[in-house]
Structure formats: structure tokens, C-alpha cells
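What follows is one structure encoded as C-alpha cells, with my remarks underneath.
Readers should treat all values here as calculations from the given coordinates under stated rules, not as data from a laboratory. Owing to the predicted nature of the structure, the values given are computational and were not obtained by experimental measurement. Backbone-built Cβ (ideal geometry, glycine too); neighbour counts: all protein chains shown.
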Amino acid sequence: MGMEKVLTKMVGIENSQNIDVYLKHGGYQALPKALKMTPDALIQMMKDSGVRGRGGAGFPTGMKWSFLPKDNPKPRYLLCNADESEPGTFKDRVLMEDDPHQVIEGLAISSFAIQSHTCYIYIRGEYVKGAKILNKAIQEAYDKGYLGKNILGSGFDLDITVHRGAGAYICGEETGLIESLEGKRGWPRIKPPFPAVYGVFGCPTIVNNVETLVTPVHIINRGVQWWKDNEPKLYCMSGHLNRPGTYEAKMGTNLLDLINEYCGGIRHGRKLKAVIPGGSSVPVLRAEECNVAMDFDALAKVGSALGSAGCMVMDETTCMVNALWNLLKFYAHESCGQCTPCREGTHWLEMILGRIETGRGRMEDLDLMLETANNIAGRTICPLGDAAAWPVAGLPDRNKGNDLNGQSFVNKFREEFEYHITNKKCMVTIPHEWN
Amino acid sequence: MALEFSPEKKKEVDWAISRYPNKQAAMLPVLHIAQYQFGYISNEVMELVARTLELPVNRVQDVVTFYTMYNKQPVGKYHIQVCHTLACGINGAAQVVNYLEEKCGVKCGEGISKDGKFSIVKAECLGSCGTAPMMQVNDDYYEGLTKAKIDELVNKWKSE
């Protein structure tokens, strides 16, 4: 606790969306500095900072930017991925609704770094409020010369357009997003070619998450070394907490500290049962596994992932069969239908879980679920199949010929699944109240 | 007579089209604009969008059927979407749906209430997990739902 707020500095400030308020609090100081640098120096700065994508996959941002071909004469595009559809993830909403100019400044710097003159913010369609706030802020930025032609006399031109999605999880996947932006179904594309080479409208394209794209503002203002020493990160804390919400803390903050200190512990003084630490697609942690740093490497070591840092915290009133069924309903609904293993497999998993939850399960269903998950993971065009399989059966285990390691809901809480099947009822007897 | 965009919506459509290098890319925004004007995306609306973007109707249909936010049927004046994915699910989403059904006089997923005011559907994650349980009503989010909050909202909407 007590760390200086950097990414969420403007949250809680009156009229924080207004450009004059942003300027009063030190806004738009990084952009003029960036425009005096060379694009290559900016990309090198991102590489040196070690920033990894905040959308879930954690790919190094500077490296992604450097994949743009130097000899392609076509225009380049920057797509800001504000689709934010992963269950448990709601951090970008805070940035867009409370501090839209930080986002715009980050987009302007990033666009200059990759030499793109057109940027689209692909925002999930349901965030109508966020889209309106961004549109107003973009207009203010045009009026003050931070967007449009010849930004701050630098000779650099940039247009930003807010593009609302229309309700499809898969459009958060970068090639699904590109297809959707082109006015089609959000069906992911086979990679390669990667978007950096062949992206939107057939042109070189960079797709990055909102939180990723605001990082250059702070790296420029405070320096690479400061960033490496203090790397601020947004954590989305939801579930059975006294104070759920979006919290800014240092990258690598201990998960138990986030739960107990930031969020005031588990509600009603109940016991912690499990946490999904990185958005719904990552393997679940049992309570005793939660003493872990929230960063890419530490979570990978305990068999889970940081993903989008969307922590869903479950207390002892949670039925793990029901929780997994809930997630599989999500994935079955959101599968785009393009690849057979995902289209069929997610529905099979949902159906098997449904029959266990409703007292019609068979003991062999548990291995059937693991087998089904194994038959989805790694066999689809995009990672939605993996995202559905990993909560069921863990991450890929290279020692098992790429099969999943089994370390997630079904095996970590196997006794609950078996109890459901044998007794045709839930092991959890503490009622959940809602008022 | 074939449907047309109102002059005000036509301006929005033209602006949307101007922001992309080709007309098809304006598909999602133009469909949103159409839904605001006509309430839902009927076959006639799809024909209008196809005409506007100079595309075959089946391209429009292909997109409309893929995305959940385009209403394929008429909805109530207050279209209530209750998030029921995990964070909301473990915080009472099912009870929220039951309570809304009782208050609004219409079953979830079964059309519009007799007074034409309400329709209720379940929605997958709406990206507001920190304030679960929550619902989206038309364009707005209502978060941290309690019985008292729902009473207040539904009574207000009923009296309008």
C-alpha cells in the first residue's frame, strides 16, 4: 500500500476527463518529448523498459513494434484493443472513463513510434459511456493540436477513431479484432502472416491493449530505470471481497496482500477457497497456493498465468463445479464456431459439467473432461480453445507430449466433483446470500 | 416503402463511413446507428444497411447474426441484460434475474412485458466484475445491485 499512483493518478479528481484538468496535472508532457525523439529510439526505449503486453499474452511490446516491415510502402495502423471481454477483467474501463487523455497521449506517442497516421480504438460495444468520454476527449485533443495535422508543429499527422464492437469475446483476439474492424464476423485469422506484416485492410498493423499503450507516457516522463524499478500495474479484483475494484500496485505484488490489504480481505470474515489470478482462462489456484507474486514469471512457476491480471476470488460458499460450469457456459457461448475442436468441445464440456452439477454425472466424466480439454487445446486457430481448456485441465506440459498438466479445476478440486457425482448434490452447504 | 435513415442519423452514417478506407468497415457503427433509430435489426433494416454500404444483404446478415448486441427481435423500452458470468454468478446474478422477472412481469428470454416496457436477457461478462452483480439497461450500467436498488429503478421506469 502507499505506492504513488501513476496509471490511476487522475481517478477521483473532479472532471478528470477534461483536457484542462489533465494538463493541470502534468498531462501531455510526454508527447512533445516523444516527437523530438526518433521512432527507432522510442521502440528501443520500449524494449529497454521490458514492458510486456497487458492484454493477456504478455508478449514484449517493443519487440512487437519492431516486427513492422521497413520496406512496406502501405500505410501502418495502430489498433488499441479496448475490447476487454475476459471475465474478471475491467481495468481498461477505468483508464478510458476516468483518464481518457492519458490514453490519447499514449496512443499518439505509440503511433509516432510505429509511424502510423491512423489509430482505431476498438472498444467493446457495451462500454457506451467509455466510448462517449473518449470521443469527447479526442475532440478536445484535436482542438488543442495534440491530434490531427502537424501535431505540435512536428510534421506528424494522426487521426484517432473510436470503433465500438458489438458483443463478441473473440474480437479481443487481435486477428478477430482486425476482421471485426473490417466490418465482418470476428473470425480469427491463421497466423502467420502476423498483423505486423498483414493486418487491417491488408496493411502492417500493431494491436496492443489499452494499459500497454499508456505505458510510454510514463516511461518517457520518468525514465526507463524508474519504470523498471517501480513498474506500475493494474489489478482487477473481483469476487467475494470486502472491497473489490481496480487497484494500482507494483508489478509482482503478492496476491495475498492484494486480497487482504488492498481489498480488505474476504467478505463476512469467511475463508478463502480459490483464486483465478489472471482472467478466467488461466488455471485456478487453491487457497494454499495464493502466497505468490503477481507477475508473469512467478505465476508461471506455480502453474498459472498473470494474463490480464483479473483476479477472481472465491470464498468457501463457492461450489467449484458450478464455478467451472459457469465459465464453460461463457466459452461455449463465445466460441466463434470456426474451428471444430473449440465449437464442439466447449459445448461438450459445458454439457458434461451441467450433468454433474445437476446430479446426473458419472465418475468417468472427470477423465472425459480432461480428455476433451486436451483435444481442444492447441488445436484451434486462436487461443479461445486454450482459454476454455486451461481452466478445466491446466497448462500444457511439455513433458507429457504437449498434453495439459491437469492442474486446474477438475484435479485441484477433484473431491468436490466426485462428491457431486456420488451424492448427487453439492459439497458446499454454506448458503450464498444476496440482498 | 423502403426504410431510410432520418436526416440526423444519415449525418452520423456519413461521418462513420468517412473514418475508414472502405465502406464495409463502417458496418458495425452503421448497424449501431440503425438500431438506435429502428429499435432492432429487421430484414428491412439489413437491406437498408446493405444499400448504404453497397454490399450484398447476406454480408450484413452474416455480421448481424454473429454479434449479441444487435437485437434480432423487438425489445422492451428498457432492455435489461443481466451479467451472469463468474464474478456476477457467485455474487447473486441468478437471484437478480429471479427478482427482476417478478418485478417486471416478464420471464428472462421470453419477449417483452405486457406493458411493452421490459425485456430481460442474460448476458455474458459485461466487464464490470468489480461491481457485481450488475446489469446493463439500454446504454447504461447499473452496478452493485441489491433488491432495494432494483425496486427503486424498476418503480421509476414503471411510473414513466
Members of segment B:52-68 that are of a type outside the set (Asp, Glu) and without any contact (Cβ under 8 Å) to a residue 24 or more places away in the chain: B:56, B:57, B:58, B:61, B:65, B:66
Hits in segment B:132-160 - residues which are part of a helix (DSSP H, G or I) and touching a residue at least 60 places away in the same chain (Cβ under 8 Å): B:157
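Filter segment A:142-161 down to the residues that are part of a strand (DSSP E or B) and more than 9 Å from chain B (Cβ to nearest Cβ), then identify the one that is farthest from residue B:61 (Cα to Cα).
Among residues in segment A:142-161 that are part of a strand (DSSP E or B) and more than 9 Å from chain B (Cβ to nearest Cβ), the one farthest from residue B:61 (Cα to Cα) is A:148.
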Test for residue B:146: is it in contact with a Lys or Arg (Cβ under 8 Å, 6 or more places away or on another chain) and surrounded by fewer than 16 Cβ atoms within 10 Å (Cβ to Cβ): no
Condition check for residue A:353: surrounded by 24 or more Cβ atoms within 10 Å (Cβ to Cβ) and within 14 Å of chain B (Cβ to nearest Cβ): yes
Checking residue A:228 against (1) touching a residue at least 60 places away in the same chain (Cβ under 8 Å); (2) away from every other protein chain (no Cβ under 13 Å); (3) under 23 Å from residue A:82 (Cβ atoms); (4) not in a strand (DSSP E or B), the condition it does not meet: (3)
Unique match (being touching a His at 6+ places or on another chain (Cβ under 9 Å) and free of Cβ contacts under 8 Å to residues at least 60 places away in the same chain) among B:113, B:119: B:119
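Looking for something more than 24 Å from residue B:25 (Cβ to Cβ), in contact (Cβ under 8 Å) with a residue 24 or more places away in the chain and touching a Phe, Trp or Tyr at 6+ places or on another chain (Cβ under 7 Å) - is there at least one such residue anywhere in segment A:60-77?
Scanning segment A:60-77, I find no residue that is more than 24 Å from residue B:25 (Cβ to Cβ), in contact (Cβ under 8 Å) with a residue 24 or more places away in the chain and touching a Phe, Trp or Tyr at 6+ places or on another chain (Cβ under 7 Å), so the answer is no.
Working only within segment B:16-46, note down all residues that are more than 13 Å from chain A (Cβ to nearest Cβ) and of a type in the set (Phe, Trp, Tyr).
Selection gives B:38, B:40.
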Any chance residue A:327 is within 14 Å of another protein chain (Cβ to nearest Cβ), in contact (Cβ under 8 Å) with a residue 60 or more places away in the chain, under 24 Å from residue A:427 (Cβ atoms) and assigned to a helix (DSSP H, G or I): yes
Matching residues, segment A:380-401, being touching a helix residue (DSSP H, G or I) at 6+ places or on another chain (Cβ under 9 Å) and more than 20 Å from residue A:302 (Cβ to Cβ): A:380, A:381, A:382, A:384, A:385, A:388
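Are any of the residues in segment A:330-337 aromatic (Phe, Trp, Tyr), crowded, with 16+ Cβ neighbours inside 10 Å and more than 22 Å from the chain's Cα centre (by Cα)?
No, segment A:330-337 contains no residue that is aromatic (Phe, Trp, Tyr), crowded, with 16+ Cβ neighbours inside 10 Å and more than 22 Å from the chain's Cα centre (by Cα).
Table: residues versus (1) surrounded by fewer than 18 Cβ atoms within 10 Å (Cβ to Cβ); (2) in contact with a helix residue (DSSP H, G or I) (Cβ under 7 Å, 6 or more places away or on another chain); (3) of a type in the set (Lys, Arg).
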| site | (1), (2), (3) |
| --- | --- |
| A:238 | no, yes, no |
| A:241 | no, yes, no |
| A:244 | no, yes, no |
| A:247 | no, yes, no |
| A:250 | yes, yes, yes |
| A:253 | no, no, no |
| A:258 | no, no, no |
| A:261 | yes, no, no |
| A:270 | yes, no, yes |
Number of the exception - residue A:131 against (1) of a type in the set (A, V, I, L, M, F, W, C); (2) closer than 23 Å to residue A:334 by Cβ; (3) assigned to a helix (DSSP H, G or I); (4) touching a residue at least 40 places away in the same chain (Cβ under 8 Å): (4)
Looking only at segment A:294-323, and only at residues there that are closer than 14 Å to residue A:53 by Cα and part of a loop (DSSP other than H, G, I, E, B), the one that is farthest from the other protein chains (Cβ to nearest Cβ): A:295
Residues of segment A:49-69 satisfying the condition of being closer than 21 Å to residue A:230 by Cα and either in contact with a strand residue (DSSP E or B) (Cβ under 7 Å, 6 or more places away or on another chain) or assigned to a loop (DSSP other than H, G, I, E, B) (or both): A:50, A:51, A:52, A:53, A:54, A:55, A:56, A:58, A:59, A:60, A:61
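So which residues in segment A:70-94 are among the β-branched types (Val, Ile, Thr) and either more than 8 Å from every other protein chain (Cβ to nearest Cβ) or farther than 21 Å from residue A:178 by Cβ (or both)?
A:94
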Looking only at segment B:93-115, and only at residues there that are β-branched (Val, Ile, Thr) and part of a helix (DSSP H, G or I), the one that is surrounded by the fewest Cβ atoms within 10 Å (Cβ to Cβ): B:97
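Out of the residues in segment A:95-127 meeting the condition of being over 23 Å from residue A:24 (Cα atoms) and of a type in the set (Ser, Thr, Tyr), tell me which one is farthest from the other protein chains (Cβ to nearest Cβ).
That would be A:111.
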Matching entry among A:186, A:130, A:148, A:165 (being buried (at least 20 other Cβ atoms within 10 Å of the Cβ), closer than 26 Å to residue A:31 by Cα and touching an Asp or Glu at 6+ places or on another chain (Cβ under 8 Å)): A:130
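Give the residue, chosen from A:303, A:279, A:310, that is in contact (Cβ under 8 Å) with a residue 12 or more places away in the chain, touching a strand residue (DSSP E or B) at 6+ places or on another chain (Cβ under 6 Å) and within 15 Å of residue A:386 (Cα to Cα).
Details: A:303 fails: touching a strand residue (DSSP E or B) at 6+ places or on another chain (Cβ under 6 Å); A:310 fails: within 15 Å of residue A:386 (Cα to Cα).
Answer to the check: A:279.
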